[in-house]
1. So if I place +1 on the C-beta of Lys and Arg and -1 on the C-beta of Asp and Glu, and nothing else carries charge, what would the dipole magnitude of the chain be about its Cα centre? I want it in debye, nearest 20.
2. Starting from the coordinates of the alpha-carbon atoms of the chain, obtain the Kirkwood hydrodynamic radius over all distinct pairs and give the value in Å to one decimal.
3. Once R0 is set to 35 Å, what does the formula 1/(1 + (r/R0)^6) return for the Cβ-Cβ distance between E17 and N47, expressed as a FRET efficiency to the nearest 0.05?
4. For segment 73-82, in order, what is each residue's ³J(HN,Hα) by Karplus, 6.51 cos²θ - 1.76 cosθ + 1.60 with θ = phi - 60°, in whole Hz (x at glycine and Pro)?
5. So how far apart, in nm, are the two label points at K86 and D32 if each is 7 Å from Cα heading toward Cβ?
6. Give a residue-ordered list of calculated ³J(HN,Hα) values for segment 36-52 (Karplus: 6.51 cos²θ - 1.76 cosθ + 1.60, θ = phi - 60°; whole Hz; x for Gly, Pro).
Amino acid sequence: MLIYKKPGEGEYPAVAESGNELLIGEYSVNLDNKRRDSENIVDIKENQTFIANLVIPPNTYTEVDSGEVDEDGSTIINKVLDPINKGRIKVILWPQNIYNNNNEIEE
């Protein structure tokens, strides 16, 4: 996983993996549900504040011989979805302001 941090003041949310779940701060993203055949950008926001952006690479497939032939005698090839390559996922973290007990941003 490639992790980038947007410049700015504040703390960055923690990032962790649990199987095909990506945990960013208190948010959980099921990577299998976000896969597409083209690149997918997922924005994680709280109200109007960005927490993170995920850039999930497009699906890849492996061609597998089915062991069957069609009516012309040609081998039938099936496309099988590859496991997601987590090493190619980009996580862009946004700094989060820290609030005190009076709901004011701490300096």
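1. 360
2. Working: mean 1/r = 0.0605 Å⁻¹.
For the chain, the Kirkwood estimate is 16.5 Å.
3. Numbers: r = 26 Å, r/R0 = 0.75.
Given R0 = 35 Å and the Cβ-Cβ separation, E is 0.85.
4. Working through the residues one at a time gives x, 7, 5, 8, 10, 9, 8, 10, 5, 6 Hz.
5. My value for the distance between the label points is 1.4 nm.
6. Going residue by residue, I get 9, 7, 10, 3, 10, 9, 10, 9, 10, 10, 10, 6, 10, 9, 6, 9, 6 Hz, with x marking Gly and Pro.
Every read-out reported here was derived from the displayed coordinates using simple, explicitly stated rules and does not represent laboratory data. This one's a predicted model, so the numbers in the text were calculated from it and none came from an experiment. So basically every Cβ, Gly included, is an ideal-geometry build from the backbone, and we count neighbours across all protein chains shown.
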